[in-house]
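Take a look at the structure below.
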2 protein chains.
Amino acid sequence: MIRPDETTRAELDRIMDAAAASAPELAAMPPRTRSAGLLAVATALEQSRPELVQLAVRETGLAESRLDGELKRTIVQLKLFADVVIAGEYLDARIDEADPEFVLGPRPDLRRMLIPVGPVANFAASNFPFAFSVAGGDTASALAAGCPVIVKAHPGHPMLSALTADLVKQALRSSSFPTDSFAIVFGQVTGVELLRDDRLRAAAFTGSVRAGRTLADIAAQRPMPIPFYGELGSVNPVFVTRDAIDADRSRLAEAFIVSISGSAGQLCTKPGFLFAPADTGFEAELRLHAEKRPRERMLYPGLGHGYAHRRHEILATPGVTVIAEGSVTVDEDDQVWAAPTIVSVTADVLRSYRGRLTDEAFGPLSILVGYDSGEDLAALSRELFSGNLTGTIHLGPSEDPLRVHGLAAQLSTSTGRVIFGGWPTGVAVTPAMQHGGPYPATTNDSSTSVGTASISRFLRPVAYQDAPQKLLPEPLQDANPWSVPQKVARRGESSQWGKRFGGEQ
Amino acid sequence: MIRPDETTRAELDRIMDAAAASAPELAAMPPRTRSAGLLAVATALEQSRPELVQLAVRETGLAESRLDGELKRTIVQLKLFADVVIAGEYLDARIDEADPEFVLGPRPDLRRMLIPVGPVANFAASNFPFAFSVAGGDTASALAAGCPVIVKAHPGHPMLSALTADLVKQALRSSSFPTDSFAIVFGQVTGVELLRDDRLRAAAFTGSVRAGRTLADIAAQRPMPIPFYGELGSVNPVFVTRDAIDADRSRLAEAFIVSISGSAGQLCTKPGFLFAPADTGFEAELRLHAEKRPRERMLYPGLGHGYAHRRHEILATPGVTVIAEGSVTVDEDDQVWAAPTIVSVTADVLRSYRGRLTDEAFGPLSILVGYDSGEDLAALSRELFSGNLTGTIHLGPSEDPLRVHGLAAQLSTSTGRVIFGGWPTGVAVTPAMQHGGPYPATTNDSSTSVGTASISRFLRPVAYQDAPQKLLPEPLQDANPWSVPQKVARRGESSQWGKRFGGEQ
């Protein structure tokens, strides 16, 4: 296999024509068939697991065990969505019976469900070459929704992207998916052309604030704007109480260092800030554990040099004290290697250098903030951070949770996930997961890019009024051939509005 | 009462500060209290009904009976949302039990629900002075979601806006809503400042493509972009078959003329196009009924003159034949009065003047398109229209619905509501209603601005991981004090993913 060429404009045009043409067939596919396609992709990845992982190790520098776990997660995600498709709850099928005596005059028969939006672009991430790349969550959820997918490969792992795409294509074809329901394109210019293409209906992205915002603006400025689900930057603050440190300072410090340095800190949920009482001497504990960690290779040279620059900027900020210096070196292939860097600042320094210190540093660096006993942590969090994927609180084992009530409430308004006694890295793929938070964590905080709820990004509602049964999609038919949940509003129910729950009117 | 002054920058600043400050209290309010507030607003409107309707007649020129019906709908909407709040299904509460044996490693306890986004702006519409204005659907759904609302009044009915706002404020205060959970502002410049205000979290709008797109762009270009739910332009094509005309041409023509001329055609769901077989002589029937309709006053001078200009543009297009000329006159107050104008074109003329003929004409004008028996209506619809709120098909009483299968499928991908044998004007307020379609019908076709689903525009998900019960919001607590539906994923269930529904893997 050779390094894939950039996709030409003519190729992109052919791909988009074909994707648009395949959309109706894909949308109409029965759930069993669509589900079987997702399972076939899962099997194909499983069968090529050693080859995929080795290629990923070579292209990304990430550890084999980490990549193997990530591939497993990717496979599990596909299986999860195979079930979601058949369960059919995601369709949100609603049937309002006709009601000649409706309070506002005769009401027609109305039936509403979610339908696939059409071709979706998935801008793959560098830091999850499986789970947020070619066959990752965005692709799985968009295919599950019934949308053709065009992946824009990340240049950090081109060969892996090409191989994965081949596997996905073959698996889908073997399960009678339309041939053109999946495609991959290469090249930055092509990515922008893809986003501007008038046949595209939605896009998902995981990456930097700069790239993500540029693309979000392009999506918004199109003659026909489309939704852009971008996951951009997050610093995931962690707050620990004195009791939490007193309970087991060594374990707390070690777990924190593991969380910030795993995958060389190149995780969107890496905790970029640790708020701890100023006088507990926690610095020494952090230094101890940080210095035990090996250097790790960063994903690709551009990203590594970007991290080195950002790290330097933070180290050079007045009031910043180094706790663990964590070397940064460049090898003969221009790859950057980094060990964990921990610095500390006071809350006042952080306030003075908001932006310079509070913007994300994508790599194994985190900032310890020593806070005084009088500090209002909720107010501080509000002042420093606009939006994050996560916020974390560590309490002592017998501490009254109500002591952090205000902080927990603040984190719930400024993040997508509030964590107690754990670490934000390691994201469970489940129905209740929320991976998305106020800007700049994501461009659209009403959505998630992990878990079953992520499918709703690629659906939109359509209602049918007084439609003949023959022209209704299966989920809305009285016979309900796909056995999906249907929410039915009975005739006469609406006359109870405002009274049903004991209202006076 | 005097005409309200434009809101000053200082006033807006105070309003936004207060709205942001009231957001947490409003969000935490128990459902019974929030529901009671909505019912109190309904009662207040009911009690001032004669005064409100008279003021609306004076300011908008719309018929009293129409306005009375619209106010009733507005009251019913508030009652409906009072029930939605208590039912609690809209919260989408999900609980994933902790699972130490989860396939991807131990899984924490995860709980997810939708929370209010924070202060919401409602840019009121001119054409629905009740249902899409101060106390209309956008306000009702945002308050139901738990968001403070700032209405930007429409200049077409300023006194009515001020009176309605006073009633809403008093009713909410009397039901222990925070004082600043509702406000109204006046002035176009203020509206833009409101949308740019960094305390604002979402906006809803109903109006023209030009104004809506301008505001949508402002929302997208903010340092922190916010969702903008705009309902812009729609031409709502209606397709009738030969059988439908043969069955009862007079009734069909009359109902169509009523649909396009009610409220002087100033409805977002007015059918702007009627596609009928070319050789049925339906023109004469349409002329007959159109000429029976009286002139009606248009909402305000600017809108009326805009309609007159747009009508002239259509009449001056080569290939356009006048069926009913429908006079347009201007009175001494500069108000425009218009009677229905019906023109006809061939499909080829329409193709040649796409844009000039296919853009919305907001007023009592509609275009009859005579189609030949060989015409592929699905292809024609795809070629002419990008997105609409509705699409309608009329079949003969014994006609096989499958004959229009392709057209129905095309309308389901290009509109938000597909109607059979009815008319798009008159929108039922029910759980299965969808009022929103692909751009330019709306800026965000995954949402609706009518019906219970409209509440989701003002909510976003947040997940809690391993949270102490005391720190969980009520809907996620084991004790479930508000008795909301909770979807629980049991421990061990996930090991069945991909197998549960008979997958091979």
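Quick check, is A:V322 among the hydrophobic types (A, V, I, L, M, F, W, C) and surrounded by fewer than 15 Cβ atoms within 10 Å (Cβ to Cβ)?
Numbers: among the hydrophobic types (A, V, I, L, M, F, W, C): yes; surrounded by fewer than 15 Cβ atoms within 10 Å (Cβ to Cβ): yes.
Here the answer is yes, as A:V322 does meet what is asked.
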(message) Looking at the structure I just gave you, is B:S386 part of a loop (DSSP other than H, G, I, E, B), closer than 18 Å to B:F282 by Cα and in contact with a Pro (Cβ under 8 Å, 6 or more places away or on another chain)?
(response) no
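Give segment A:205-233 a look and list any residue that's buried (at least 21 other Cβ atoms within 10 Å of the Cβ), among the small types (G, A, S) and more than 14 Å from chain B (Cβ to nearest Cβ), or say none. It would help to see each step written out before you state the result.
Narrowing segment A:205-233 to residues buried (at least 21 other Cβ atoms within 10 Å of the Cβ): A:205-207, A:212, A:215-216, A:219, A:226-233.
Subsequent filtering for residues that are among the small types (G, A, S) retains A:207, A:212, A:216, A:219, A:230, A:233.
The one that is buried (at least 21 other Cβ atoms within 10 Å of the Cβ), among the small types (G, A, S) and more than 14 Å from chain B (Cβ to nearest Cβ): A:G207.
Can you confirm whether segment A:274-291 contains a residue that is part of a helix (DSSP H, G or I), open to solvent by 20 Å² or more (accessible area, probe 1.4 Å) and in contact with a helix residue (DSSP H, G or I) (Cβ under 8 Å, 6 or more places away or on another chain)? Explain how you work it out, then say what you get.
First, pick out the residues of segment A:274-291 that are part of a helix (DSSP H, G or I): A:282-290.
Those still in the list that are open to solvent by 20 Å² or more (accessible area, probe 1.4 Å) too: A:283-285, A:287-288.
Retained after the next criterion (residues that are in contact with a helix residue (DSSP H, G or I) (Cβ under 8 Å, 6 or more places away or on another chain)): A:285, A:288.
Yes - at least one qualifying residue is present in segment A:274-291.
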(message) Suppose we filter segment A:129-163 for residues that are within 14 Å of chain B (Cβ to nearest Cβ) and among the aromatic types (F, W, Y); how many remain?
(response) 1
(request) Only residues that are buried (at least 24 other Cβ atoms within 10 Å of the Cβ) and either without any contact (Cβ under 8 Å) to a residue 12 or more places away in the chain or outside any loop (DSSP other than H, G, I, E, B) (or both): list them for segment A:432-447, please. (result) A:T442
(message) Exactly one of these conditions fails for A:T190: (1) under 30 Å from A:E291 (Cβ atoms); (2) surrounded by fewer than 21 Cβ atoms within 10 Å (Cβ to Cβ); (3) away from every other protein chain (no Cβ under 14 Å); (4) touching an Asp or Glu at 6+ places or on another chain (Cβ under 8 Å). Give me its number.
(response) (1)
(request) Please work out which residue is surrounded by the most Cβ atoms within 10 Å (Cβ to Cβ), limiting yourself to segment B:414-431 and to residues that are assigned to a loop (DSSP other than H, G, I, E, B) and touching a Pro at 6+ places or on another chain (Cβ under 8 Å). (result) B:P424
(request) Quick one: in segment A:193-204, of everything that is buried (at least 21 other Cβ atoms within 10 Å of the Cβ) and within 13 Å of chain B (Cβ to nearest Cβ), which residue is farthest from B:L215 (Cα to Cα)? (result) A:L200
(request) Check A:G69 against each of (1) more than 9 Å from chain B (Cβ to nearest Cβ); (2) without any contact (Cβ under 8 Å) to a residue 24 or more places away in the chain and name the one condition it does not meet. (result) (1)
(request) Scan segment A:452-467 for residues that are of a type in the set (A, V, I, L, M, F, W, C) and more than 8 Å from chain B (Cβ to nearest Cβ) and jot them down. (result) A:I455, A:F458
(request) Give me a count of the residues in segment B:1-45 that are in contact with a strand residue (DSSP E or B) (Cβ under 7 Å, 6 or more places away or on another chain) and polar (S, T, N, Q). (result) 1
(request) Determine the pairs where a residue that is touching a residue at least 60 places away in the same chain (Cβ under 8 Å), located within segment B:363-379, has a partner that is open to solvent by 50 Å² or more (accessible area, probe 1.4 Å) and among the acidic types (D, E) with Cβ atoms under 8 Å apart, the partner being 6 or more residues away or on another chain. (result) B:L368/B:E283; B:G370/B:D279
(message) With the structure loaded, tell me whether B:Y300 is in contact (Cβ under 8 Å) with a residue 24 or more places away in the chain, farther than 30 Å from A:R111 by Cβ, away from every other protein chain (no Cβ under 14 Å) and not hydrophobic (A, V, I, L, M, F, W, C) or whether it fails that test.
(response) yes
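Conditions (1) touching a residue at least 12 places away in the same chain (Cβ under 8 Å); (2) part of a helix (DSSP H, G or I); (3) of a type in the set (D, E), marked per residue:
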{"position": "B:S263", "(1), (2), (3)": "yes, yes, no"}
{"position": "B:G304", "(1), (2), (3)": "yes, yes, no"}
{"position": "B:Y307", "(1), (2), (3)": "yes, yes, no"}
{"position": "B:E313", "(1), (2), (3)": "yes, yes, yes"}
{"position": "B:T329", "(1), (2), (3)": "yes, no, no"}
{"position": "B:E332", "(1), (2), (3)": "no, no, yes"}
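Name every residue in segment B:448-471 that is closer than 20 Å to A:D445 by Cα and outside any strand (DSSP E or B), in order of residue number. Talk me through it step by step, then tell me what you get.
Just the residues of segment B:448-471 that are closer than 20 Å to A:D445 by Cα, to begin with: B:448-449, B:453-465.
Hits for segment B:448-471 are B:T448, B:S449, B:A453, B:S454, B:I455, B:S456, B:R457, B:F458.
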(request) Go through segment B:234-254 and count every residue that is within 14 Å of chain A (Cβ to nearest Cβ), surrounded by fewer than 23 Cβ atoms within 10 Å (Cβ to Cβ) and aliphatic (A, V, I, L, M). (result) 1
(request) Quickly run through segment A:62-87 and pick out the residues that are surrounded by fewer than 23 Cβ atoms within 10 Å (Cβ to Cβ) and touching a strand residue (DSSP E or B) at 6+ places or on another chain (Cβ under 9 Å). (result) A:A63
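Kindly state which helices (runs of 4 or more DSSP H) lie completely within segment B:1-117 and contain at least 3 residues that are aliphatic (A, V, I, L, M), under 30 Å from B:D334 (Cβ atoms) and at pLDDT 95 or above.
Correct list: B:49-60.
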(message) For segment A:384-413: of the residues being open to solvent by 10 Å² or more (accessible area, probe 1.4 Å) and of a type in the set (S, T, N, Q), which is farthest from B:G118 (Cα to Cα)?
(response) A:S398
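Looking for whichever is more than 30 Å from B:P473 (Cβ to Cβ), open to solvent by 10 Å² or more (accessible area, probe 1.4 Å) and touching a Gly at 6+ places or on another chain (Cβ under 6 Å) here; the options are B:E6, B:E59. Which one fits? It would help to see each step written out before you state the result.
Details: B:E59 fails: touching a Gly at 6+ places or on another chain (Cβ under 6 Å).
Result of the check over B:E6, B:E59: B:E6.
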(message) Where the second residue is open to solvent by less than 70 Å² (accessible area, probe 1.4 Å) and the first is free of Cβ contacts under 8 Å to residues at least 24 places away in the same chain and lies in segment B:164-179, which pairs have Cβ atoms under 6 Å and are six or more apart or on separate chains?
(response) B:K169/B:F182
(request) Would you point out the residue of segment B:479-494, among those that are open to solvent by 70 Å² or more (accessible area, probe 1.4 Å) and either within 9 Å of chain A (Cβ to nearest Cβ) or in contact with a helix residue (DSSP H, G or I) (Cβ under 6 Å, 6 or more places away or on another chain) (or both), that is nearest to B:I86 (Cα to Cα)? (result) B:P481
(request) Would you tally the residues in segment A:240-266 being within 30 Å of the chain's Cα centre (by Cα) and either among the hydroxyl-bearing types (S, T, Y) or at pLDDT below 95 (or both)? (result) 5
(request) Return yes when A:K470 is within 26 Å of B:W482 (Cα to Cα) and within 8 Å of another protein chain (Cβ to nearest Cβ) and no when it is not. (result) no
(message) I need the full set of residues from segment A:96-105 which are at the interface with chain B (Cβ under 9 Å from one of its Cβ atoms) and open to solvent by 10 Å² or more (accessible area, probe 1.4 Å), in order please.
(response) A:F102, A:V103, A:L104, A:G105
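The values are calculated or read from the model by the stated rules, or taken from the named source; none is laboratory data. Predicted model only: the values in this text are computed from it and were never measured. Glycine also receives a Cβ, built like all others from the backbone with ideal geometry; neighbour counts cover every protein chain displayed. Protein only, heavy atoms only, side chains kept; ligands, DNA and RNA dropped before computing areas. Shrake-Rupley method; radii C 1.70, N 1.55, O 1.52, S 1.80 Å.
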